[in-house]
Structure formats: structure tokens, C-alpha cells
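A.B. asks: Structure provided below as C-alpha cells; questions to follow.
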Amino acid sequence: MAILEVSELRSRYSSRGPEILKGISFEVEEDDFFAIIGPSGAGKSTLIRCINRLIEPTSGSINLHGIDVLSLNATELRKMRRHIGMIFQEFNLIDRMSVMDNVLSGRLGYVGAIRSIFRTFNNHDIQRALELLERVGLQDHVDKRADQLSGGQRQRVGIARALMQEPNLLLLDEPTSALDPKISREVMQLIRTIATELKVPVLCNIHDVQLAKEFCNKIIGLQDGIKMFDGPTPSLDQSSLDEIYSMEVL
Amino acid sequence: MQTSSVPLTVDDIVRLRRKKQTVQFGFYFILFILVLWSIQATVIDDTDWERIGSLADIGKSVSHFIGIDFALIPNLLGPTIETFMIACIGTILGLIICLPAMWFGALNVTPYKPITYPLARIAMTLSRSIHEIVWALIFVSAVGLGAFAGILAIAVRSLGFIAKMSAEAIENIDPKPVEAIRAMGGSNLQVMLYGIMPQVLPVILGIVIFEWEINIRRSAILGLVGAGGLGLVFFRQMNTFNYPGVTTVILAIFGLIVVGEITSHYSRKALN
Amino acid sequence: MANKTGEHNLPVHSSVGGDGVHREWSRFKFPRSLINYGILLGILLFFSYSVYYLNIPLERIMGMFGRLGDLMADRYFPPDMDYIVDLGYLDAIIETIQMAYLGSLFGLLISIVLGWFAAHNVSPSPKYIYPIARLLTMGCRSVHEMIWAILFVTILGFGLLPGVLALTMFSIGFSGKLFAEEIESIQMGQVEAIRAMGGNHLQVFVYGVFPQVRVAFTGIAIYTWDVAFRAATVVGFVGAGGMGWYLKRNVMQIETERVAAILISIVGLVVISEFVSAWARIRVSKAK
Ligand SMILES: Nc1ncnc2c1ncn2[C@@H]1O[C@H](COP(=O)(O)OP(=O)(O)OP(=O)(O)O)[C@@H](O)[C@H]1O
Ligand SMILES: [Mg+2]
């Protein structure tokens, strides 16, 4: 059963601007770890952000667990978003807050106004945050400020924060581009292990084809807003790669 | 400074340079004429040199001010504290009333741009273009003589600068944490609290401390129009021709400002 | 806890968050949080005490703002616009501009020298001249322009000259520190080059320092004009000429509708001056 169905998705940033996504369709299933690859500017980030409507698509449809995402109003959209975890290339942490507060902030969608002002999270959330921090190996940095961590550690905070949401879909926008190769592998490994364990499907933008082949079971190739490839990882061969990246070869 | 495709000949270059020099010369010439005109109007026409007298007379007037009125010192403590407190409360009140102004005045968070943004900008301009003395006058006539009028004047006068700088800080935030909070389903309030506040709070505090330092200077003169503090004592010394007393009050103000500068230096250090 | 999904029937995965191990964490950190709360409490106490000390009638505040509105509508409206297009008043406006112009010009000229002396890296004598120059700029800064105006009026009598001098002192205080800071941030290479050639202090300043800070100085000068003009609109209040004098007279005579008109003219002029200086700043940064 498909968890996420995207069909004929189109997007542009301004009404007179160029079309960035030119009708993308694909399906993500329960235990998928999906990679989206493609040259820079192909529209990978745009595609990922259309799914939780950080960018409004111009047309098409997105179906998550049978819910039509594009028809939701603002309140419903926020309720929907709390179930979609997102991990960012530049981590997008709140630099001046502690690691713990950053992880706890993953619960914001569930917390009312007064509690978010005073940062009072319930004991269950705190326990969960501590457990997640232990899980990503940051138990010794709980009270440090987020900007005092290394890149790899910061991304681990990002992972813990996304998992704090109890997501049933993870969106990853180049989670490893700001990290060195060794740390990149560790981070990807961590995400895959936890995602498999929690049975959360993952949609992951990634620059590094090698990394994609290593960790993902399905791959979408994007070029200039058009889907050039869609299939299981083993079926991605040199000729399809050439096709996806033809712009760069020229 | 033209970038024509035709290559410039030496003649052209010389002509261009000469033209530039003429413009520059004309500019300085106008400045100079303005200086002459202003001097003529202010220093020559308007000034009664008879009344001022010779340099020696001026020296004599100045020498009145030399000395310290020790008898006045015990009476200065109360007004000094008052001036200090007016500056502190005025600044805090200024910060409070300026919260909506900075929210409305920052392009990236203003709720309804065509109306709220210009509204905030107008408030900022008004606050900054009217001198604190005038604000104090207005408030004295509204709430009566005393410290309260001074506090309101300080608060309203501070609004412009604090709001302008803070709005700029809000406009220059890093949008990434904001995106993260939105992506996880955060409300507008939560975006404000978690995405924007942590980034701008230290900046705003720095701005407020800076303004507080200036406000000490300001609150020291509000007494001139009856808004309490050291200014009143200053005025009284002036009216009774007690010139050493005037010097004493000025020294007290000076001391207060030094205290303010030291405090502001260390608290801004502690912020980072 | 499986039903936190709101309206949507989304499946929730929750295998993390229940391993049964209890972990300790508290937002309260022993000495640090205590100190922070202590400081916060101290500040709060100080403010409450100040409100008490200054006799601020908290219970009447709300009413006061209502009164403020009434008062504005009542007394200050409608502004007596005829008054400010009167020839005498227009003359006062011109005088104000002249005062601000001369005051900031003199102040800037003196500031260039003082800023040079008060910049630690190129001051002719870091040991003697530097602290004196610093003290002078700080002295000019900490005395408010109104106090300068009063002092000069006392010494020289009513008129525009004391206004010009007060604004001069004010401009020195305002721009001197900025100039010095600007000079302290220059690159020392060019300075050393001139020094190596055997240049004296003046030559070092003219050829090594000034060309580097010229553009920044122009920006600061425009800014100084801006604030000096604002101050110039009120120094007349204590007898130093210009529009402030009219303000004072009408305040004293409780001619509130005229006061309103004068305030409008002040705001209008300041806004115009701000536009002009914004334009000038853009020109300067382009010419860079
Ligand atoms: N905010 C924006 N406004 C207008 N155009 C944008 C905006 N963001 C991206 N674009 C354009 O959309 C296109 C796709 O951008 P996108 O960021 O989705 O590419 P990408 O595949 O993620 O590239 P990269 O690998 O460099 O991250 C690019 O041509 C880009 O110029
Ligand atoms: Mg991208």
C-alpha cells in the first residue's frame, strides 16, 4: 500500500517565473527509503518542500495516508505537518537554545500557546527527548547550546528533533551535504536504522549518488523539473545516470 | 564616468576630468557661500557684540562657573536617583510600547503589509523627529508636572530608535530555524517564540542598553520643563545665579553618565 | 497515546519513548539558574521600588491616556497653520537651518582633528594628547545640547551665536567618537609607508589616514547634520534662537493650537532633512 502518492505535481515560485516542477508523479511505500537525485537546480528541494507545503504547488495532488494534503486549510495543515518530520541540509537548529530545548521543540505542534511560552513540556516528552538523545549519541551534550556542537552532532540533534514529532513520514533535504564523508555515512546509517525500526518511510534528497546507492532502496532521478528515472536502486545503471546528469556532461 | 563603446581619446579624458572638477568646484563654492551667508546672518547680524564685550569679559563670565557648591551636594542625591530611575523605567516602558512597532515594522513578519508597515514607520519617525524636550512638554501638559511625564517622554522618544534597529534585526534573521518550526507544524506564535526571538533577543537587549545610556543624558534635562530629576535643580541654580552650583549639577550628571557607560559596557559584554 | 493524531487517522509509531528507563533532567540548573533568577528578581524589585519612589500613580494611568486623547483633540486641534506660514516664522526656520549648518560644520572640522588625536593608532602622542582628546570628546558627549545652549546663553546672551556654539559642542561629541573609531579601524600599512618615508605626524594624517576614512567621514558628517538639525529645532527653547524660541513663547502663552502647528512644522522639516540626507548618503556610497 502506498503511504504517499504524488501525482502530476507542478510548481513555480512566481506566476511569471519558470516552472520548477513539471508534473512529477511517484509513490512511496511503507518501508521505502527513497532517494531523489539530480543535478543542482533540478528542483529536488522544491519537490521535498511541496510535500509539506512549505512551498505551495501550483497543481497536482499529494495524498498522504489517504488524506489530500493540498485541500487542507491552515489549521489542518499544521496538524498534518506535525506528523511529517523534516531534516535539513543546514540542520536549521535554534542556535541559541540548548540541545534539549531543540529536541523538545519537535513537540511544538502538540503544545499550546502558554506552554510554549514557558517551555514547559510534559514528563513523557522529556523522557522521550532524553531517550532519543541517547539514541543518537548525544547524552553528554544535553544542556549545551546547539551552536557549540560540531556539524555531525548538530545533524544528530536535527534527527532527534524530527523523531520527537513521532513522524510517519521523514523528509530529508540533503541531510549530509554539510558533513564530511565519514560523518555522512554515520548519519545516514543512523537515520536508516531508526527509520527501519520505527517503520517510517523516508524521502531523501541527496547529491551523492554513491551514498544514495548505498542506503536507499528506491531512487528518483530528477532533471530540470522532470522525472527521468524511477525505480529500485539496483536498476539504476550508468545509462540512466548519464541521462539524469546529462546537463552537467554537456 | 561614461562607459561608451567608443574608445576615449586623451582629449575626452581631459574634458571629462575637467568637467568633474568644475562640478566639484561648484559644489564647494556653494558650500562656501552658504557658510558666509550663515555666518553673516548668525554671527554678524544677530549677535550683539556690545553686550558680549571683550574677550576678558567673556573670560570673567566663564570664571563664575569655576568652583563647586559643596552645600548643594547633599541635596543632589535625591534628584540624581530620580533621574536614574526615570531613565530606567522610561527605557523599559519604551521597550514595551515598541514591541508592536518592531513587529509591524519588520517586513518579514508584519501582519498586514499595506497598513501595519507604514503605521509602524510613521510612529518611528514621529518618535525620533520630536525632541525629548518637546515630548516632555506635551506629557507635562497631559499628566501634570513630575517624574511620570518624564518617563513617558523618555519612553516615547526611545521608541523610534529601538523599534527601527530591532525591526532591522528581525528582517535580518536567519530564516532556517523559522522554516524548521513551520515544517513541524508550529503556529505563528511558536515561530515567533522559537524561530525569531532567540535570534533577536540579544540584539534587542544590546540596543536597549545603548538607548538606556542615552536616556540617562536625556532624563537629566527633562527637569527644565518640569519633568523631574536633576534638570530641575540645574534650572534652579541657573535662576538664582548660583554658577558653582550649576557646575556641581553638571558634575553630578557627568558622574551618572560614567556609571551608565560602565554598566552598559559590562552588561553588553555579558550578553555575548 | 496512540490517539494524538487530531482529526486525521494517521498511524503513530511510538517505539522510541518507552524503554522504561527513567532519566533525570531538570530545566533548573543549580548555581546558574539560581543566579539568573536572582538577577531577574533584583531588577524587578528595583523597578517596583522606582515606581514607588517616583510616586507614579499606577491606578490613574489608564485614565490619563484617555485624558491625553481628549487633550489633544481639545487643545491642540486644529493646528493654527496660518501661524507657521508667517514671514517671521519662516525667518526662524531659515535661522534654524543656518544654525544647524554652521554648528555641524564647525563641530565636524574640530572633530576631524580631535578624532585624529583621539585615535590610539595614529595619535601624535598616545600618552598625553590621546587621553586629553578622549576626555574632550567624552565631555562634549555627556553634556546634553540643551545644557550647552543654556551655558552659552548665560555667557553670551540670547541669540543665534550661542545656538551655533551649543550645536558645535554637540556635533563634536557626536562625531568625534565616531571619527576616532573609524580611524582606529584603518589599515596601518599605508600609515607605515608614510612614516617610513620620514613623514611627520601631519603628513601621516593627510596622506596615510585621511584618504582611507574620507568616505566614512562623509557618511558620519551627513548623519551629524541630521541629528544637529533635530537639536537645532529646540535649542531656541532656552534662548538660543531659531524655531525653539517660538515654541517656548507659545508654550508659555498656552497658545496650544500654535504649538501644534509648530510641532507639525518641526516634524515636517525633520522628515525632509532625513530624505535629503538619505539621498546624500546614497550618492556618497555610490561615488565610493
Ligand atoms: N525561493 C526561490 N525563488 C525563486 N526561485 C527559486 C527559489 N528557490 C529555488 N528556486 C529555483 O528553483 C530551481 C530549483 O531549485 P531547488 O532548490 O529545488 O534545486 P535543487 O535540486 O534542490 O538544487 P541543489 O542541489 O542545489 O539544492 C532553481 O532553478 C532555483 O533557481
Ligand atoms: Mg536543494
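Every number in this text was worked out from the coordinates using simple rules, so none of it is lab data. Just so you know, these numbers come straight off a predicted model, no measurement behind them. Glycine gets a Cβ as well: all are built from the backbone with ideal geometry, and neighbour counts include every protein chain shown.
A.B. asks: Show me the ranking of peptides B:15-28, C:162-175, A:124-137, C:55-68 by mean Cβ neighbours inside 10 Å, starting with the highest.
C.D. replies: C:162-175, A:124-137, C:55-68, B:15-28
A.B. asks: Also: In what sequence do B:ARG128, C:ARG23 fall when counting other Cβ within 10 Å, fewest first?
C.D. replies: Final ranking by Cβ density, sparse to dense: C:ARG23, B:ARG128.
A.B. asks: Please grab the % of Cα pairs in chain C that end up more than 25 Å from each other.
C.D. replies: So the portion of pairs separated by more than 25 Å is 67 percent.
A.B. asks: Moving to a separate point now. Below 26 Å, Cα to Cα, which lysines can B:LYS19 reach? Residues fewer than 8 away in the same chain don't count.
C.D. replies: Correct list for B:LYS19: C:LYS286, C:LYS288.
A.B. asks: Could you give the dipole magnitude of the stretch B:1-90 about its Cα centre, charging the beta-carbon of Lys and Arg +1 and that of Asp and Glu -1, in debye to the nearest 20? Don't skip to the end; give the middle numbers.
C.D. replies: Working: 7 positive and 9 negative charges, 155 e Å.
Magnitude of the dipole: close to 740 debye.
A.B. asks: With just the Cα atoms defining each centre, how far is the stretch B:150-202 from the stretch A:182-219? Give it in Å.
C.D. replies: Cα centres, the stretch B:150-202 to the stretch A:182-219: 36 Å.
A.B. asks: If you average 1/r across every pair of different Cα atoms in the protein assembly as shown and take the reciprocal, what Kirkwood value do you get, in Å?
C.D. replies: Result for the protein assembly as shown stands at 31.4 Å.
A.B. asks: Per DSSP H run of n ≥ 4, the term is -39500 (n - 2.57); total these for chain A, divide by its residue number, and report the mean residue ellipticity at 222 nm rounded to 500 deg cm²/dmol.
C.D. replies: -10500 deg cm²/dmol
A.B. asks: List the residue ranges in chain B for DSSP H helices whose C-alpha atoms run 24 angstrom or more along the long axis and whose Kyte-Doolittle average is 0.5 or above.
C.D. replies: B:10-39, B:73-105, B:147-171, B:197-219, B:243-271
A.B. asks: Taking every residue in A:91-100, how many Cβ atoms of other protein chains lie within 10 Å of its Cβ, on average?
C.D. replies: On the way: counts 3, 10, 3, 13, 5, 6, 4, 1, 0, 2.
What the average comes to for A:91-100 is 5.
A.B. asks: Charges only on Cβ, +1 for Lys and Arg, -1 for Asp and Glu: so what's the dipole of the stretch B:118-272 about the Cα centre, in debye to the nearest 20?
C.D. replies: 160
A.B. asks: According to a simple spin-label model (label point 7 Å from Cα along Cα-to-Cβ), what is the distance in nm between B:ILE39 and A:HIS207?
C.D. replies: Distance between label points: 6.4 nm.
A.B. asks: What average count of beta carbons from other chains do you get within 10 Å of the Cβ of residues in C:48-54? Please list the in-between numbers first.
C.D. replies: Values: counts 0, 1, 10, 5, 0, 5, 12.
Across the residues of C:48-54, the mean count of other-chain Cβ atoms within 10 Å is 5.
A.B. asks: Using helices alone, what [θ] at 222 nm do you get for chain B, with -39,500 (n - 2.57) per DSSP H run of 4 or more residues, divided over all residues and rounded to the nearest 500?
C.D. replies: The per-residue figure over chain B is -25000 deg cm²/dmol.
A.B. asks: So for the pair A:SER7, A:LYS22, with labels modelled 7 Å out along Cα→Cβ, what separation do we get in nm?
C.D. replies: 2.2
A.B. asks: Further question: If I take R0 = 60 Å and measure r between the Cβ atoms of C:ARG23 and C:ALA73 in this structure, what FRET efficiency does the formula 1/(1 + (r/R0)^6) give, to the nearest 0.05?
C.D. replies: 0.45
A.B. asks: Counting only C-alpha contacts under 8 Å and six or more residues apart, can you give the relative contact order of chain C as a whole percent? Please list the in-between numbers first.
C.D. replies: Numbers: 311 pairs, mean separation 63.4, N = 288.
Dividing the mean separation by the residue count of chain C yields 22 percent.
A.B. asks: Can you give the net charge of the other residues whose Cβ lies under 10 Å from the Cβ of A:PRO57, counting K and R as +1 and D and E as -1?
C.D. replies: Combined, the nearby Lys, Arg, Asp and Glu give +2.
A.B. asks: Right, next: Sort out for me the Cα centre separation of the stretch B:25-52 from the stretch B:124-138, rounded to whole Å.
C.D. replies: 30
A.B. asks: Here's something else I'd like to know. What is the stretch A:44-194 by shape, rounded, prolate or oblate, if you read a ≥ b ≥ c off the alpha carbon gyration tensor as root eigenvalues and call it rounded for a/c under 1.5, prolate for a/b larger than b/c, and oblate otherwise?
C.D. replies: Oblate is the answer for the stretch A:44-194, as a/c is 1.5 or above yet b/c matches or exceeds a/b.
A.B. asks: Here's something else I'd like to know. Between A:LEU77, A:SER11, A:ILE114, whose Cα lies farthest towards the positive end of the dipole of the protein assembly as shown when Lys and Arg beta carbons carry +1 and Asp and Glu beta carbons carry -1, centred on the Cα centre?
C.D. replies: Among A:LEU77, A:SER11, A:ILE114, the one farthest towards the positive end of the dipole of the protein assembly as shown is A:ILE114.
A.B. asks: Given B:LEU152, C:SER33, B:SER63, which one lies farthest toward the positive end of the charge dipole of the protein assembly as shown, if we put +1 on the Cβ of every Lys and Arg and -1 on the Cβ of every Asp and Glu?
C.D. replies: So the residue we want is B:SER63.
A.B. asks: Hydropathy first: keep DSSP H helices in chain A averaging at least 0.5 on Kyte-Doolittle, then drop any whose Cα extent along the axis falls short of 24 Å, and list what survives. Write down the numbers at each step before the final one.
C.D. replies: On the way: long enough: A:181-198 (26 Å, 0.10).
Result, helices passing both filters: zero.
A.B. asks: Taking the Cα centre of each part, how many Å lie between the stretch C:177-216 and the stretch A:67-136?
C.D. replies: Taking the Cα centre of the stretch A:67-136 as reference, the centre of the stretch C:177-216 is 54 Å away.
A.B. asks: With a 10 Å Cβ neighbour count serving as the proxy for reagent exposure, in which order, fewest first, do A:MET97, B:MET184 appear?
C.D. replies: With the fewest neighbours first, A:MET97, B:MET184 line up as A:MET97, B:MET184.
A.B. asks: Within a 10 angstrom radius of each residue's Cβ in B:172-182, how many Cβ atoms of other chains show up on average? Whole number is fine. Please list the in-between numbers first.
C.D. replies: Working: counts 0, 0, 4, 1, 8, 12, 2, 7, 16, 6, 7.
Per-residue shielding by partner chains comes out at 6.
A.B. asks: List the relative contact order of chain B as a percent without decimals, with contacts defined as Cα pairs under 8 Å and 6+ residues apart.
C.D. replies: Once divided by the residue count of chain B, the mean separation gives 23 percent.
A.B. asks: Let me know the charge dipole size of the protein assembly as shown about its Cα centre in debye, to the nearest 20, where only the beta-carbon of Lys, Arg (+1) and Asp, Glu (-1) is charged.
C.D. replies: Here the size comes out at about 1060 debye.
A.B. asks: Quick one: length gained pulling A:ASP143 to A:SER15 fully straight, 0.36 nm per residue minus the C-alpha distance?
C.D. replies: 41.5 nm
A.B. asks: A further question follows. Any idea how far apart B:GLU171 and C:ILE282 come out in nm if each label point goes 7 Å out from Cα toward Cβ?
C.D. replies: Calculated label separation equals 1.3 nm.
A.B. asks: Is it possible to state the helix-based mean residue ellipticity at 222 nm for chain C, with each DSSP H run of 4+ residues giving -39500 (n - 2.57), the sum divided by total residues, to the nearest 500 deg cm²/dmol? What is it?
C.D. replies: For chain C, the value works out to -23500 deg cm²/dmol.
A.B. asks: Further question on the same structure: When a/c reaches 1.5 or more, the comparison of a/b and b/c decides; with that in mind, is chain B rounded, prolate or oblate per its Cα gyration tensor?
C.D. replies: Note, shape of chain B comes out oblate.
A.B. asks: Considering only B:PRO198, B:ILE216, B:SER187, whose Cα is most displaced toward the positive end of the charge dipole of the stretch B:161-236, charges sitting on Cβ of Lys, Arg (+1) and Asp, Glu (-1)?
C.D. replies: Checked the options; the winner is B:ILE216.
A.B. asks: Given H placed on each backbone N at 1.01 Å, which residues far from A:GLY23 in sequence or on other chains put an amide H within less than 5 Å of it?
C.D. replies: A:LEU9, A:ARG10, A:SER11
A.B. asks: Students often get this wrong, so check it: of B:LYS113/B:LYS164; A:LYS44/A:LYS218; A:LYS199/A:LYS227; C:LYS177/C:LYS248; A:LYS22/B:LYS113, which have C-alpha atoms separated by over 22 Å?
C.D. replies: A:LYS199/A:LYS227; C:LYS177/C:LYS248; A:LYS22/B:LYS113
A.B. asks: Here is a further query. Using a 10 Å cut-off around each Cβ, can you sort C:THR96, C:THR154 from fewest to most neighbouring Cβ atoms?
C.D. replies: Fewest-to-most Cβ neighbours within 10 Å comes out as C:THR154, C:THR96.
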